[in-house]
Structure formats: structure tokens, C-alpha cells
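One structure below.
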Amino acid sequence: MTTPAISPAIEVRPAEERDIAVLARLAGELGYPSTPEQIRERLTNIMAAPHQATFVAVINGNTVIGWIHLSEARSLDTEPRAEITGLVVDSDFRSGGAGRLLVERGEEWTRQRGLAAIGVRSNIIRERAHAFYERLGYAVTKTQKVFRKTI
């Protein structure tokens, strides 16, 4: 009889400076190549901003396998909400529960801030991500185009 593989326990904690190299590698997996220096500068600014947070999924006490970045969104036309601005799990660890745990931690952060909603924008080509969010109870509320101008 074969013994089923036991998945390592996944913990979620705030991102720390020691995670920078892995955060950069995972940003590349997400499609946004970044150097550790770029991630260091970004993370430093995020950690200093009370309206943003970054959490990592960790196995074996210190192996980072994913991250989520959240930001509080405030505008004149809608009530304040949280936005998942980035979520990635190492391709070797996908479908193992890390993404769900990261989103749950993001939802907890949202509630702690007194916000009633959390949203996420996902590229139209990321069908697997869309199914993931729908399984977690997220609903498509609109389709849009994103415009950007370099200044």
C-alpha cells in the first residue's frame, strides 16, 4: 500500500527584508520581472505605508512559496475597499493551498481595517486565476480596459 504524500504545513506571515530575492523571482513568475534591488525599494515603501501590506506563504519555517500585496483603495465614487494588487504562488507549489491561505490573510487584513469589501483585477488571459477567485467566492463585477501613460 502506498502512503499518501503529506504536504508541508504552510504559514502566512508579513513579508520581511530577508524575503526580497524570492519576492523578486516570484514577481518574474507573475510576469513582472524585477530585480532584488527594485523589490527592496518597493517593499521598504510598502512597509512604511499603513494602507498597504505584503504577506508571504512559507513552508518549512523559512521557504517562501508565494506572496500577496494589498492596498487600501479610497475614491470619491465608492466606499473604501481593499485591493489585491498582486498574488503569486511558486509554480512548483500551485494548487497546494498557499494561494487560498494568502487570500484569507488578505481578507483578514481587510476586516481589521474596517473595510467591507475586497477586490482584485486579473488579466483576461489568466483563466486559471479567474477560476481560483471564483472558487473563493469572488464575482466578476465588470470588464474593463486599462490605460496607462508614461510620464
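Numbers for the structure displayed
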{"item": "Value of [θ]222 nm, deg cm²/dmol, for the chain, DSSP H segments ≥ 4, -39500 (n - 2.57) each, nearest 500", "result": "-10000 deg cm²/dmol"}
{"item": "Carbon and sulfur %, accessible surface of the range 103-144 computed with the full protein complex present, 1.4 Å", "result": "49 percent"}
{"item": "For THR85, distant residues with modelled amide H under 5 Å away", "result": "HIS69, LEU70, SER71"}
{"item": "Accessible area of the chain divided out per residue, in Å², using a probe of 1.4 angstrom", "result": "68 Å²"}
{"item": "Answer label for Cα extents along the principal axes in Å (calculated), chosen among [x] 54, 38, 29; [y] 60, 35, 32; [z] 81, 57, 36", "result": "[y]"}
{"item": "Packing rank of 15-26, 109-120, where each peptide gets the mean count of other beta carbons within 10 Å, highest leading", "result": "15-26, 109-120"}
{"item": "Residue-count net charge about GLY61 - beta-carbon cut-off 15 Å; Lys, Arg +1, Asp, Glu -1", "result": "-1"}
{"item": "GLY66 long-range amide H proximity, modeled H, under 5 Å", "result": "ALA57, ASP90"}
{"item": "Net charge of Cβ neighbours under 15 Å - reference ASP77; Lys, Arg +1; Asp, Glu -1", "result": "+1"}
{"item": "Charge dipole of the chain about the Cα centre (unit charges at C-beta), most positive-ward option of PHE132, MET47, GLY97", "result": "PHE132"}
{"item": "Whole-number percent relative contact order across the range 29-142, with pairs defined as alpha carbons under 8 Å at least 6 apart", "result": "19 percent"}
{"item": "At most 16 other Cβ within 10 Å, DSSP loop - trypsin sites (Lys or Arg not before Pro), the range 73-104", "result": "ARG74, ARG94"}
{"item": "Cα-centred dipole magnitude for the chain, charges only on beta-carbon of K, R (+1) and D, E (-1), debye, nearest 20", "result": "440 debye"}
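The values are calculated or read from the model by the stated rules, or taken from the named source; none is laboratory data. Worth saying up front: this structure is predicted, and the values here are computed from it rather than measured. Here Cβ is always computed from backbone atoms with ideal geometry, including for glycine, and neighbour counts include all displayed protein chains. Protein only, heavy atoms only, side chains kept; ligands, DNA and RNA dropped before computing areas. Shrake-Rupley method; radii C 1.70, N 1.55, O 1.52, S 1.80 Å.
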